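Student: Structure provided below as structure tokens; questions to follow.
What follows draws every value from the coordinates through simple rules; no lab data is involved. Bear in mind that the values here come from a model prediction, so they are computed numbers and not experimental data. Backbone-built Cβ (ideal geometry, glycine too); neighbour counts: all protein chains shown.
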Amino acid sequence: MSEATKLNLAAVADRYAAAWLSHDPQAIVALHAPDSTFQAHGRSGQVKGEAALLKEFAGVFELYPNFGVEIRRLLLGDRHWTLDWDLTFQPPGKEPRKFHALDVVEVDDAGLVTRKDTFFDFAQVKAALEAK
């Protein structure tokens, strides 16, 4: 892979992360191809297309108020990246919480996301959601 390809993919990944941090499902979906898919493995089935993605991503922000990201590492491939990260959130009136996650994101030649798979440490998810 050329250095230019790495830099371009890094820019795509940065734009995608910024869209998530804006908490704007429409901004996120705008970076997806029309027939893109998403699956939060173990939490939901695969969703496909703009309407389903909008609903799914809006649900993420409802489930995890004050959604945030702590990046552990970002690994770039030819047309994909793997993000090793912690999902942070804070329910109203409660302490901040977080759990470990891993994303595998594939993109097309235009840099639009064609597939996103998210994997969680479910013991950490359960503990974070049940914390007082």
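Student: Among all helices in the chain defined by DSSP H, which have a length of 15 Å or more along the axis from Cα atoms plus a Kyte-Doolittle mean of at least 0.5?
Tutor: Span-like helices here: 50-63.
Student: Can I ask one more? For every helix of n ≥ 4 consecutive DSSP H residues, a contribution of -39,500 (n - 2.57) applies; sum these over the chain, divide by its total residues, and give [θ] at 222 nm rounded to the nearest 500 deg cm²/dmol.
Tutor: Calculated from helices alone, the mean residue ellipticity at 222 nm is -11000 deg cm²/dmol.
Student: Using a 10 Å cut-off around each Cβ, can you sort ARG79, ARG73, ARG15 from fewest to most neighbouring Cβ atoms?
Tutor: Arranged by neighbour count, lowest to highest, ARG79, ARG73, ARG15 become ARG73, ARG15, ARG79.
Student: Right, next: In debye, nearest 20, what is the charge dipole magnitude of the stretch 3-130 about its Cα centre with +1 on Lys and Arg Cβ and -1 on Asp and Glu Cβ, if you could check?
Tutor: 280
Student: Where a Cα-Cα gap under 20 Å defines reach, which aspartates and glutamates qualify for LYS126, not counting those fewer than 8 residues away within the same chain?
Tutor: Result set, ordered by chain and number: GLU56, GLU62, GLU70, ASP84, ASP86, GLU95, ASP103, ASP117.
Student: Which GluC sites (Glu not before Pro) in the stretch 1-90 pass both tests, a DSSP loop state and at most 11 other beta-carbon atoms within 10 Å?
Tutor: Answer by residue number: there is no such site.
Student: Step through the table entries LYS55/LYS116; LYS98/LYS132; LYS55/LYS94, compare each Cα-Cα distance with 24 Å, and write down the pairs that go over it.
Tutor: Violating the 24 Å Cα-Cα cut-off are LYS55/LYS94.
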